[in-house]
Structures are given as C-alpha cells and as structure tokens.
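Right, one structure below, let's go through it.
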Amino acid sequence: MNYQIKQLWSPGIRIQLTLWYIAVFAVLLFCSDILLYTHLQTALASNLDSALQLRAQQIASDISYQRGTIMVDNETPGLDIAGTSQQSQQATHEDVNFSALLRLLNTRGKIIRLSPAFHSLIVPAISVSQPLHGTPWQGTVTTSNGQAVRLYSMPITDKGTTFAVMQIGESLTQFQTTLRSLIVELLLLTPVVLILGAVGSYWRASFPLTI
C-alpha cells in the first residue's frame, strides 16, 4: 500500500529533470540579476560623482582671490545670488530636482554665494571642515523633506593656500528612479524567463539520452 502511494506521488524522471533545470537556472538568473543591478548602481554612482567633480572644478575656475577678497564671476549659473540677501532667503522652496545646488563659503564659514535650493539641504559640518584642511569631501545628504542629494565639497586654493570651499549637489531622484525601474523590469522578466525555461526543459527532457 505504501509502495503504491509512493509510486502515485513520485514525479517521473522527466519532471525531475525539469525541476532540476529550473532550480539551477533560477539560481543563475538570480545571481545575474544581482550582478546587473550592482554593476548599474556602481556605474551610475561613479558617473554622477565624476560629473559633480567636473562641474565644481569648472565653476571654481571662475572664482579668484584678489587682495583678500573672494571674487566671483556673476555670470556663473547658480552663484548669482548672495546667500545673505533677502531674495535668497525667500527662495527656500525651490525644487532640488530642477534647481542648481551650489554654495560658496570662505575659510571662516561665511556664505559668499548660495543658490536658493541649497537652503533645503541638511549639510554635515565635515563637508566644510574637511575641504578646509585640503581634502575634498563627497557624500549623500538629505533635504528637510527627506530627498536624497549627492554633495561634493572641494577647497579652492590660490598659490597653494585654501581661501574658499565650493559645494555642489545633485538630486538622486533620477538615480533612484532608474534603479527602481530596473528592479521592476527584472521582477517582471525573471518569471517569464523561468516559465519559458521550464517549458523548454520539459520538452528537452522528452528526448532520450544519446551517447
């Protein structure tokens, strides 16, 4: 009786091979999805950081130190508004996803120039203190409403002496949207691939083995 029950519920060799193929294929597919996601995440982050550094260097080239005064080219986008002006203080609701995120400080931490949207960033003190000691700082900060922003801070020097700190940021909304889209596509595509693999494996298992 037990033998009959076992025979009744025991899958045939064809189904066993199919299940084995599916299990192996699922593991390989899962690993490839993780590698793809990790690679894309790293590549996007690296490109974003490189772009921020390049923009900061380009803007810094328009800033000079003359007779103890920091001189800024007023044509530089995002740095045309003084941080202490009433106009800048009233523009705190600009969207960080579409507005420039720039700030220029002197060595005493006084704001020389400030783009309006920068007001919403919660910036750690180390992002200023580290560049003042000659080393650029890069990290992720948030706005007052929780949006993630990638921030790059660099020292601006004159004849080897730091006279200012340039900070430039970029919203991570597009970065996060791209990664989420990839996850959704992988979640939709993976089951389809597994089903097609299962059908193909079951069909292939119907052929006799040849040596």
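The values are calculated or read from the model by the stated rules, or taken from the named source; none is laboratory data. Because the structure is a prediction, the values reported are computed rather than measured. In this analysis, Cβ positions are derived from the backbone assuming ideal geometry, glycine residues included, and neighbour counts consider all displayed protein chains.
What residue, among those in region 46-70 that are loosely packed, with under 15 Cβ neighbours inside 10 Å and aliphatic (A, V, I, L, M), is farthest from LYS159 (Cα to Cα)?
By that ranking, first place goes to ALA51.
Would you confirm whether or not region 151-167 contains a residue that is modelled with pLDDT of 95 or more, part of a strand (DSSP E or B) and either surrounded by fewer than 17 Cβ atoms within 10 Å (Cβ to Cβ) or charged (D, E, K, R) (or both)?
no
Exactly one of (1) in a strand (DSSP E or B); (2) among the hydrophobic types (A, V, I, L, M, F, W, C); (3) within 28 Å of ASN97 (Cβ to Cβ); (4) touching a Phe, Trp or Tyr at 6+ places or on another chain (Cβ under 8 Å) is unmet by VAL141. Its number?
(4)
Of the residues that sit in region 51-71 and are outside any strand (DSSP E or B) and polar (S, T, N, Q), which one is modelled with the lowest pLDDT?
SER61
For every residue, the table says whether it meets (1) surrounded by fewer than 14 Cβ atoms within 10 Å (Cβ to Cβ); (2) charged (D, E, K, R); (3) under 18 Å from THR162 (Cα atoms); (4) at pLDDT 90 or above.
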{"site": "THR76", "(1), (2), (3), (4)": "no, no, no, no"}
{"site": "THR84", "(1), (2), (3), (4)": "yes, no, no, no"}
{"site": "LEU101", "(1), (2), (3), (4)": "no, no, no, yes"}
{"site": "ASN106", "(1), (2), (3), (4)": "no, no, yes, yes"}
{"site": "LYS110", "(1), (2), (3), (4)": "yes, yes, yes, yes"}
{"site": "ALA125", "(1), (2), (3), (4)": "yes, no, yes, yes"}
{"site": "HIS133", "(1), (2), (3), (4)": "yes, no, yes, yes"}
